[in-house]
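Read-outs throughout are calculated quantities, based only on the coordinates presented, and are distinct from any laboratory measurement. Since this is a predicted model, take the numbers as computed values, not measurements. Reconstructed Cβ throughout: ideal geometry from the backbone, glycine too, with neighbour counts over all protein chains shown.
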Amino acid sequence: MANELKNAHAFLILGRSLARINEYAYTLASEILCTEENEKKRPCGKCASCIMAKNKTHPDINICGRGRTSVDDVREIVREAYLAPNVGDKKVFVLEGADKFNAQSQNAMLKILEEPPKGVYFVLTSTNKNALLPTVVSRTFPVFPEETENNTDLGNGEDDEIIRQYTGAYSDAENGEFPTETVLAAYKLAKSFFDGGQKEAILLFPKKREDAAVYFRVFMLFSRNVFVYKITNGEIPENADIDFKKICTKISARKAAGYYEIFEKAYLNNDEFANSNALYAYLSEKI
Ligand SMILES: [Zn+2]
């Protein structure tokens with residue numbers, strides 16, 4: 001677990017695939033409960049706690065959400081949270097799809113998120129941060145696991161083609177070659193952006209200016225490709241991957257052109273954003 005996470009007791013796992021972030025949340029829960037002394041090895045997979053977690057029988061990992069999102073359900077969670085752990089000295093509540101809790105239910109969890117009983121942790125997952133109360137978000141530590149996954153997910157043939165296409169088009173003399181892992185991560189984010197996950201995708205833009213620049217250029221090319229596809233009635237760019245066509249059905253030519261402009265402007269004015277928050281504010285306003 002990264003250093004800054006160690007003192008947190010409520011986490012918000014954000015991403016596009018609920019299944020994937022739920023899985024990540026479960027691993028985080030196992031890590032919190034793992035009794036291996038060397039914290040770098042947690043979850044160790046070998047201690048009694050990890051074995052129970054692996055078998056999905058750990059009595060102190062409470063999976064919540066999953067259709068049980070009423071105020072009464074939240075009250076039940078709160079009641080549970082004040083009971084002592086069954087095995088060790090910690091217990092974890094995983095609230096899957098936390099955005100499915102309505103405002104009233106979310107309000108009911110504010111107090112416990114703010115100040116959980118000792119040894120109690122909350123791990124919330126969400127694919128739609130905008131459906132969460134800002135007061136819930138501010139009480140949790142945000143984690144974006146898909147960002148890290150993207151960087152390690154290299155090496156199959158399809159990805160190689162994408163890298164070739166996107167680095168080829170957007171490397172330039174001034175900046176040299178773009179790092180391939182950044183291009184690939186940007187491409188994947190572009191796909192989720194155009195596949196309907198606009199708001200969430202914006203949150204995943206990198207904070208580092210040089211990396212953001214790569215993202216903008218990849219997004220520009222992606223918008224342009226969608227635009228070309230739409231106005232030529234289905235001419236798929238060479239080497240486009242299989243999701244591309246599907247994504248194109250969801251978006252109009254006009255919209256694609258509009259996105260192109262937004263990302264071009266972001267790219268050209270990248271240096272003028274005071275910080276990443278200013279950038280997010282610009283993108284959220286435009287999109
Ligand atoms: Zn362990």
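Here are some notes:
- Local net charge near ALA48, Cβ-Cβ under 13 Å (Lys/Arg +1, Asp/Glu -1): 0
- Protection proxy ranking, peptides 98-111, 80-93, average beta carbon neighbours within 10 Å, highest first: 98-111, 80-93
- For the stretch 3-143, the share of DSSP beta bridges that are antiparallel, to the nearest 5, is 5%.
- Close amide-amide hydrogen proximity is noted between LEU12 and LEU124, PHE141, VAL143, each under 5 Å apart and 5 or more residues distant or on a separate chain (H modeled in the peptide plane; Pro and chain starts excluded).
- Computed about its Cα centre, the charge dipole of the stretch 1-150 is approximately 180 debye, with only Lys, Arg, Asp and Glu carrying charge at their Cβ.
- Relative frequency of Cα-Cα separations exceeding 18 Å in the stretch 96-139, percent: 20 percent
- Cα gyration tensor shape for the stretch 45-155, rounded if a/c is under 1.5, else prolate or oblate: oblate
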